[in-house]
Amino acid sequence: MDGTLSLILLLLFLWGLCSQRLARVELTAPVAFVALGLLLAEGLGVLDLAPSPGTVRALAETTLTWVLFTDAARLSFRALRPDLGLYVRLLLLALPMCIALGALMATALLPGVSGWAALYIGAALAPTDAALGATMMVDPVVPERIRRLINVESGLNDGIATPFVVIALAAVAASGSTSSAHASEGALVELAIGLAYGTVLGLTAGWLLRSALRRGWTTEAVAAPGVLALALLSYTSAVAIGGNGFVAAFIAGLAFGSAHAASQHVLLFVEQSTSLLSVLVWLLFGAVLVPAAVTHLTWQALLYAVLSLTVLRMVPVALSLTGSGLDRNTVLFVGWFGPRGLASVIFGLLAVEDLAPSAARTIVPVVVCTVLLSVLAHGITSTPLARRYGRAAKASGAPAAGPAVNALPVRGLTAGTTPGHTP
């Protein structure tokens with residue numbers, strides 16, 4: 001174990017040294033660490049990753065909690081107001097359509113998948129991750145407004161999709177037992193408790209931080225580790241009172257971000273911690289999940305992955321943006337850059353832990369295949385499509401491209417991003 005840990009720490013250090021250079025050849029952190037996990041575990045056999053179920057669950061829950069909290073807390077609703085209609089279209093129209101179409105396609109295409117399992121697949125693969133198209137997100141040739149639109153969507157859709165994943169997982173896990181009829185009802189109660197508790201906790205914590213800063217009791221730098229603890233507290237305490245911790249973390253982040261008066265740099269420590277755990281998740285994905293899923297991969301799962309990244313994403317986006325004033329090229333660009341990333345991987349890890357092996361073997365390979373295909377496809381096309389779209393947007397008289405948008409979460413570990421900047 002000591003040798004494995006030392007190797008992982010060495011890889012993290014070397015990535016920190018070379019990330020700027022590797023970004024020039026489109027090698028983002030997800031691509032790099034998935035490939036390293038596969039190479040070292042399966043190709044060379046020098047990386048022995050066989051974590052216990054408790055370790056996997058702790059890593060998945062902690063990472064998702066910090067992702068949900070920070071993505072929500074760092075948003076500036078004042079800055080989002082000019083394009084609020086576009087965000088509403090993508091999050092409240094396109095996202096539910098993606099989940100519904102994904103569930104229907106899973107029911108029709110994947111053999112042996114129940115209705116609840118199909119809902120899980122649709123919801124787990126609906127959230128996007130802008131970090132997989134990181135070079136596009138910092139490319140000034142793409143209009144700043146469009147980069148911000150894609151980034152904000154990816155920052156919020158994982159939190160909105162989480163309740164659907166939670167309900168579906170609870171129902172699938174309880175299928176065939178005497179409690180199956182009450183599983184989804186229990187999950188709904190947990191969601192309601194998490195929603196109410198997260199709101200109270202986030203608003204209270206934000207008010208306390210604002211008061212402490214105003215009175216000079218603390219500074220933003222000193223308060224930052226406390227915010228890291230607050231994010232985890234929102235999860236653990238919500239679970240302790242019978243609520244859903246993930247929903248509580250997301251709502252607490254929204255409430256905290258709207259209530260405190262500190263700059264977004266107060267979230268820097270949380271974002272850096274999230275970035276560290278996220279690369280461990282990607283390494284685990286490449287070393288453990290991918291090899292295990294390949295043995296159960298079917299042509300139906302591969303076809304679903306292709307459809308998930310194209311039709312099941314791009315059609316809802318196109319429908320939701322009809323009448324928005326965006327031209328066809330922009331709608332296609334936004335529709336394509338919906339990479340499936342960290343949230344989907346964590347949902348897959350939770351499914352492995354929560355479900356019986358037979359159920360997990362049916363649905364987890366679909367998630368793994370879709371994410372792996374997305375890592376490759378969106379990583380390869382990020383720069384060329386960004387340049388092509390940027391030239392077309394400039395020729396059509398679109399607003400001039402602004403400076404690089406630095407709202408991308410630190411977990412993307414991309415060169416040129418600055419943590420804590422709000423869109």
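The values are calculated or read from the model by the stated rules, or taken from the named source; none is laboratory data. Remember, it's a predicted structure, so these values are computed and weren't measured experimentally. Neighbour counts run over all protein chains shown; Cβ positions are idealised from the backbone, glycine included.
Within the stretch 232-253, if we keep just the residues that are among the aliphatic types (A, V, I, L, M) and surrounded by 24 or more Cβ atoms within 10 Å (Cβ to Cβ), the residue that is farthest from ALA187 (Cα to Cα) turns out to be ALA252.
Quick check on SER396: is it among the polar types (S, T, N, Q), closer than 27 Å to VAL311 by Cβ and at pLDDT 85 or above? Walk me through it before giving the result.
Numbers: among the polar types (S, T, N, Q): yes; closer than 27 Å to VAL311 by Cβ: yes; at pLDDT 85 or above: no.
So SER396 does not fit the description; no.
Applying the set (1) in contact with a Leu (Cβ under 6 Å, 6 or more places away or on another chain); (2) among the small types (Gly, Ala, Ser); (3) loosely packed, with under 15 Cβ neighbours inside 10 Å to ALA229 leaves exactly one unmet item: (1).
In the stretch 354-400, of all residues being β-branched (Val, Ile, Thr) and closer than 24 Å to THR55 by Cα, the one that is surrounded by the fewest Cβ atoms within 10 Å (Cβ to Cβ) corresponds to THR362.
Sub-6 Å Cβ pairs linking a first residue in the stretch 372-385 that is over 19 Å from ASP139 (Cα atoms) and among the polar types (S, T, N, Q) to a second residue that is assigned to a helix (DSSP H, G or I) and modelled with pLDDT of 85 or more, at least 6 apart or interchain, are SER374/LEU309, ordered by first then second residue.
Looking at the stretch 133-145, which of the residues that are out of contact with any Ser or Thr (no Cβ under 6 Å at 6 or more places or on another chain) and surrounded by 24 or more Cβ atoms within 10 Å (Cβ to Cβ) is farthest from PHE337 (Cα to Cα)? If we take residues in the stretch 133-145 being out of contact with any Ser or Thr (no Cβ under 6 Å at 6 or more places or on another chain) and surrounded by 24 or more Cβ atoms within 10 Å (Cβ to Cβ), then VAL142 is farthest from PHE337 (Cα to Cα). Cβ-Cβ contacts under 7 Å between residues 6 or more apart (or on different chains), taken from a first residue in the stretch 232-253 that is free of Cβ contacts under 8 Å to residues at least 60 places away in the same chain to a second residue that is among the charged types (D, E, K, R), are listed as GLY242/GLU190; GLY243/GLU190.
Scanning for something modelled with pLDDT of 80 or more, in a helix (DSSP H, G or I), under 22 Å from the mean Cα position of the chain (by Cα) and surrounded by 24 or more Cβ atoms within 10 Å (Cβ to Cβ), does the stretch 290-299 turn up at least one residue? Taking every residue of the stretch 290-299 in turn, none turns out to be modelled with pLDDT of 80 or more, in a helix (DSSP H, G or I), under 22 Å from the mean Cα position of the chain (by Cα) and surrounded by 24 or more Cβ atoms within 10 Å (Cβ to Cβ). Given ILE121, ILE167, ILE160, ILE146, which one is in contact (Cβ under 8 Å) with a residue 24 or more places away in the chain and out of contact with any Leu (no Cβ under 8 Å at 6 or more places or on another chain)? Going through ILE121, ILE167, ILE160, ILE146 in turn, just one is in contact (Cβ under 8 Å) with a residue 24 or more places away in the chain and out of contact with any Leu (no Cβ under 8 Å at 6 or more places or on another chain): ILE146. Of all residues assigned to the stretch 341-353, at least one qualifies as being surrounded by fewer than 18 Cβ atoms within 10 Å (Cβ to Cβ), in contact with a helix residue (DSSP H, G or I) (Cβ under 9 Å, 6 or more places away or on another chain) and not small (Gly, Ala, Ser).
From GLY122, GLY155, grab the single residue that is modelled with pLDDT of 80 or more, in contact with an Asp or Glu (Cβ under 8 Å, 6 or more places away or on another chain) and either surrounded by 24 or more Cβ atoms within 10 Å (Cβ to Cβ) or within 30 Å of ALA392 (Cβ to Cβ) (or both).
Numbers: GLY122 fails: in contact with an Asp or Glu (Cβ under 8 Å, 6 or more places away or on another chain).
Residue meeting the stated conditions: GLY155.
Considering the conditions (1) assigned to a helix (DSSP H, G or I); (2) at pLDDT 85 or above; (3) touching a Phe, Trp or Tyr at 6+ places or on another chain (Cβ under 8 Å), GLY243 is excluded by exactly one of them, (1).
Output yes when any residue across the stretch 263-271 is closer than 30 Å to LEU11 by Cα, over 20 Å from the mean Cα position of the chain (by Cα) and part of a loop (DSSP other than H, G, I, E, B), and no when none is. Lay out the reasoning, then the answer.
Step one: list which residues in the stretch 263-271 are closer than 30 Å to LEU11 by Cα, which gives 264-271.
Keeping just the survivors that are over 20 Å from the mean Cα position of the chain (by Cα) gives 265-266.
Next, only the ones that are part of a loop (DSSP other than H, G, I, E, B) stay: none.
There is no residue in the stretch 263-271 that is closer than 30 Å to LEU11 by Cα, over 20 Å from the mean Cα position of the chain (by Cα) and part of a loop (DSSP other than H, G, I, E, B).
With a requirement of 3 or more residues that are more than 18 Å from the chain's Cα centre (by Cα), the helices (runs of 4 or more DSSP H) lying completely within the stretch 120-216 that satisfy it span 144-174, 180-215.
Run down ALA41, ALA32, ALA58 and say which single residue is modelled with pLDDT of 70 or more, within 30 Å of VAL165 (Cα to Cα) and more than 24 Å from the chain's Cα centre (by Cα).
Numbers: ALA32 fails: more than 24 Å from the chain's Cα centre (by Cα); ALA58 fails: more than 24 Å from the chain's Cα centre (by Cα).
That would be ALA41, the only listed residue that is modelled with pLDDT of 70 or more, within 30 Å of VAL165 (Cα to Cα) and more than 24 Å from the chain's Cα centre (by Cα).
Let me confirm something: among ARG313, ARG328, which residue is surrounded by 20 or more Cβ atoms within 10 Å (Cβ to Cβ) and of a type in the set (Lys, Arg)? None of the other options fit; the residue is ARG313.
Residues of the stretch 268-301 being aromatic (Phe, Trp, Tyr) and over 18 Å from LEU350 (Cβ atoms), which ones? Scanning the stretch 268-301 gives PHE269, TRP299.
Just wondering, is there one or more residues in the stretch 370-379 that are part of a helix (DSSP H, G or I) and at pLDDT below 85? Scanning the stretch 370-379 turns up at least one residue that is part of a helix (DSSP H, G or I) and at pLDDT below 85. The combined condition, being under 21 Å from the mean Cα position of the chain (by Cα), of a type in the set (Gly, Ala, Ser), modelled with pLDDT of 85 or more and in a helix (DSSP H, G or I), is not fulfilled by ALA287. Within the stretch 193-220, being farther than 18 Å from SER258 by Cα and free of Cβ contacts under 8 Å to residues at least 24 places away in the same chain holds for ARG215, GLY216, TRP217, THR218, THR219. Only one of the listed residues (ALA318, ALA305) is hydrophobic (A, V, I, L, M, F, W, C), part of a helix (DSSP H, G or I) and crowded, with 24+ Cβ neighbours inside 10 Å. That residue is ALA305.
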